[in-house]
Amino acid sequence: MGQVAYSKSYLPVDDQVRLLQARGMVISNSDKAEICLRRIGYYRLSGYWYPFRHREILTDPQGKQSDRIFENFRTGTQFAQVVDLYVFDKRLRLLFLDAIERIEVALRVDIALLLGLRGAFSSNALSHFNKYFSSIDPKTGDTPPAKFLRKLDDAYERSREEFAEHFRKPYD
C-alpha cells in the first residue's frame, strides 16, 4: 500500500473550533474551547473525542464485520465532555505515577538495606547476581552485570550531580 502525501494545511485555533462545530460537536463557549485547544492542543484532545465520532458497523458478504469511523460526531457530543475525559485521564495518570513512585522508592530502599547487610560495595559483587543473569556472552566473555556495572561506573565518573561530587571528594 503506497503512502499518501501529507496535504493538511495549518488551521488557526478559531478555525479548529469552527471545524469541530461543523462536524457536530457542541461547543457552548468558544472562548473556553480556544483556551483549551491552545493549552492542550487539537491533536492531543483528538484521542479523547475519538470515541464520540460517528461509526458504522459494516458487514461484508462473508459476514465479517468492520467499523467505519467518520469525521463527524455523534449527536449531543460536547466539547466539555471531551475536556472532562482528558482531565480525568490526567488525574488518574498522576495517581498511578504517585503510587508507582512510592513503590519504586520503597523497593530501592529495601534493595539498598539488603545489599548494605552484605557490605558497602556488595552491589558490585558479581557473585550476588542470579547465575542465569550472569551467563557469559561467548562473543565478549562478559556477563550482563559486568557490562551494567561498567556503564554505571562510567556514568558516576561523568556525573556532575552534587551527591556524586560529594562522594568523590573524600573517597577513592
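Exactly one residue among ARG108, ARG93, ARG118 is among the basic types (Lys, Arg) and over 30 Å from TYR171 (Cα atoms), and that residue is ARG93.
Going by what's in this entry, would GLY76 be described as in contact with a His (Cβ under 9 Å, 6 or more places away or on another chain), open to solvent by less than 60 Å² (accessible area, probe 1.4 Å) and either at pLDDT 95 or above or of a type in the set (Val, Ile, Thr) (or both)? Taking the combined requirement at face value, the residue does not satisfy it.
Taking the conditions (1) open to solvent by less than 70 Å² (accessible area, probe 1.4 Å); (2) touching an Asp or Glu at 6+ places or on another chain (Cβ under 6 Å) in turn, ARG68 satisfies each one other than (1). Any residue in region 86-104 that is part of a helix (DSSP H, G or I), in contact with a Lys or Arg (Cβ under 8 Å, 6 or more places away or on another chain) and either of a type in the set (A, V, I, L, M) or at pLDDT 95 or above (or both)? The answer is yes; a qualifying residue exists.
How many residues does region 139-172 hold that are in a loop (DSSP other than H, G, I, E, B) and open to solvent by 70 Å² or more (accessible area, probe 1.4 Å)?
8
Only residues that are surrounded by 10 or more Cβ atoms within 10 Å (Cβ to Cβ) and not aliphatic (A, V, I, L, M): list them for region 115-138, please. Residues satisfying the conditions are GLY116, ARG118, GLY119, SER122, SER123, ASN124, HIS128, PHE129, PHE133, SER134, SER135, ASP137.
The values are calculated or read from the model by the stated rules, or taken from the named source; none is laboratory data. This structure is a prediction, so every number in the text was calculated from the model and none was measured. Neighbour counts run over all protein chains shown; Cβ positions are idealised from the backbone, glycine included. Side chains included, ligands, DNA and RNA excluded: accessible areas come from the protein's heavy atoms. Shrake-Rupley method; radii C 1.70, N 1.55, O 1.52, S 1.80 Å.
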